[in-house]
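Contents: one structure, followed by commentary.
Just so it is clear, none of the values below were taken in a lab; they were calculated from the coordinates. Because the structure is predicted, anything quoted here is derived from the model rather than measured. In this analysis, Cβ positions are derived from the backbone assuming ideal geometry, glycine residues included, and neighbour counts consider all displayed protein chains.
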Amino acid sequence: MKKRIINISLAAVLLVTVNSSCKKEFLDETLKTQRDLEFYKTDAGIQQLVQGAYHQVFASQFNGEMAFANMCYGVDEFRVGGDPSNGMYNSYGNTFGPIVTANNGNTVPAQSQWDNLYLGIGHANIIIQNAEASASTAPAIKATALGEGYFFRAYNYLRLVSQFGAVPLVTKPVEGVQLEFSRQAPKDVYDVIIADFIKAASLLANTGSPAKITKDAANHFLAKAYLSRASEINDSWNAATKAADLAAIGPLCDAIIANHALAPNYGDLWRYTAPNGANENLREVILSAQFTSDLTATGVNTQHLYYASRYEDVARMQRDLTGDRPFSRMAPTYFMFRIYDLQNDSRFWKTFRTKHKVNAGGGPVVNGDLGIMYVINQPGDTRYSAAYLPNSVVYAATGKAIPHVHVAYVNGSTTDGAFYANNGKFASLSKFFDGSRTAGFNDVDGLRDITLARSAETYLIAAEAKIRLAKMGTGAYTEALTYINAVRARAQYTSGENRSAYYDGGAAPSSNPGTVPPSFFPENSYYESNNIPVTTAASTPLAISNIAALPAGDEHIITTLGLTATYDRMLALVLNERSRELAGEYLRWQDLSRTKTLVSRAKAFNIDAAPNIQDRHNLRPIPQTFLDAIKAGGRALTSAEKQAMQNPGY
């Protein structure tokens, strides 16, 4: 059930009321609606604080380009799709640093993520303080609010330490103006994060998911925190905690998995039909950022804009609601085309849109014919003569030439990059498409939820912990396969399944669809890409049994990266599996940073990042606005002191 979110600003709860000294009787009045700080110690006040924090911590980050710029750009999965508004976050070029030089009004400032996370921490600290001080007669309200407060603080600090390393620890509400801060070591920050998640799990019930934070949600992120603390980026100091952290992850994950069964079909996760529809409430989903058609209650989700390829700027096509409004920020790299078993793994075909209908028909084609097709073939395929084949490929179902065909590998080529020459044209990741928008095809106000945690990731957290334990001499690498194979089994095509059937949230009905014909096409390019006979048989099982001979896609990545040690190969496998399962879900930058694989993978698979990325980019720069604002002993920091507080290399 979606609840109305009230965004209570930090300033509002810190205001000090000043009484007027005016003596005139006609100016005297009793303000019945005024609330002093004591209100926030009541049940109603605490609940309002919590509701505001849900919006600030979970939802606000998805209104704009901050989330994908900081969490999806500059990795192996995605690059700039056509519009470079935030291209510096992908390329790590000379306009990226403590100050980000804006390309235009859409560019995300360097301080946006930092400020957003600390505002969330401020909300959390106020909730914790008031819940602790409350004399509530409803312990469930007090305990739940306190658990939510601890979760919010830990969640924000986990993101902060993952992005910036050492950061200021603020665990009490800030009263008045405070300008003196120092950065605490990651070890100290993780101590707070883990203690807070443990407290949250002890206080929260397991009801209300995915709209509400539950015990399972707290334990999912606790497992992530343990895994992050045990990861390579912290190896200079984590020896004392690593073994215990990794040992704790398995039981946590097993308990969560028992309560959150995987959806039977991977496509179920993305079969969005309406706000608060079935796909948003699948048992697999542990926690989500809530949006709804009441935009005054939950704010705006704009993520549907950014992964969409341009389709409306070519002959026989026009913009419509089902095709979305294509801001064209995020294009898949060839890494995404190589890691899947494209014949047997359904996940690629259920999350990338590869066909569009003609919706501005003319000449030999009419509305409803196939208008655009992306062929995701494999190296060495000789069937297609060029990367772009207008009116040259015939669609078997109608016998008509397709106006626009784009091909990944041409004339037997084994070289990646044919799509890159045609800027703004690519197979779109469609996990966030939203046809339910109500103001027409130019509307940016998305209504669908954003998944923050689901149990498929819980499986892969457990798998990675098993791999790390095996490296330490506890257990065997093959123990990870139980968890990996569970996720892969769901990815297989089942007997009787139509492998070319396709659905995404762009086709969700709107109350204001307009008059433009839809460009959504309920079919993918599975058969044109794979060149196999039509079949409804179950696909070949994807289970991995031999860690010395991993699937072809994984072996390609491993060979490209030059990995030979068993641990490195298995870590690569689980990172690849995370991409296959979780591509685009705002997790990738942190995963590569914490495992210190960001540089090698971006160099190998992201042509924009490859020339510039360096080891310093495993952490973000501390924003210059913060360094310029703070003081030491009542005075502004010197240039040397600012440099000393900055992350190395910036």
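Look at (1) 101, 69, 50; (2) 76, 62, 47; (3) 87, 67, 50: the one that is Cα extents along the principal axes in Å derived from this structure is (3). The gain in end-to-end length when the ALA240 to ASN103 segment is fully stretched comes to 44.8 nm, 0.36 nm per residue minus the alpha carbon separation.
Amide H contacts of PHE352: SER430, each under 5 Å away and 5 or more positions distant or on a separate chain (H built 1.01 Å from N in the peptide plane; Pro and chain starts excluded). Entry note, the chain: the mean residue ellipticity at 222 nm calculated from DSSP H runs of n ≥ 4, each adding -39500 (n - 2.57), is -11000 deg cm²/dmol after division by the residues and rounding to the nearest 500. Take the Cβ atoms of ASN259 and ALA644, set R0 to 30 Å, and the FRET efficiency comes out at 0.05. Exposure proxy shown here: for SER495, SER231, SER346, the number of other Cβ atoms within 10 Å sets the order, fewest to most, as SER495, SER231, SER346. Karplus-based coupling profile of the stretch 503-516, in residue order and whole Hz: 8, 9, x, x, 8, 4, x, 10, 6, 9, x, x, 10, 6, with θ = phi - 60° in 6.51 cos²θ - 1.76 cosθ + 1.60 and x standing for Gly or Pro.
Once the mean of 1/r is taken over each pair of separate Cα atoms and inverted, the stretch 530-650 shows a Kirkwood hydrodynamic radius of 18.1 Å. Excluding ALA278 itself, calculate the net charge of residues whose Cβ lies under 9 Å from the Cβ of ALA278, where each Lys or Arg counts +1 and each Asp or Glu counts -1. Residues close to ALA278 contribute a combined charge of -1. Using 0.36 nm per residue and subtracting the Cα-Cα separation, the extra length available between GLU555 and THR207 on full extension is 121.1 nm.
Take the Cα of ILE607, step 7 Å along the line toward its Cβ, and report every residue of the stretch 388-405 whose backbone nitrogen sits under 14 Å from that point. The answer is 388, whose backbone nitrogens lie closer than 14 Å to the label point. Counted by neighbouring Cβ atoms within 10 Å, the residues LYS212, LYS425 run from fewest to most as LYS212, LYS425. Using a simple spin-label model with pseudo-atoms 7 Å out from Cα toward Cβ, ALA185 and THR474 lie 2.2 nm apart.
Counting other Cβ atoms within 10 Å as a rough exposure proxy, the listed residues TRP237, TRP270, TRP349 run TRP237, TRP270, TRP349 from fewest neighbours to most. Estimated from the Cβ-Cβ distance and a Förster radius of 51 angstrom, the FRET efficiency linking THR540 and GLU38 is about 0.20.
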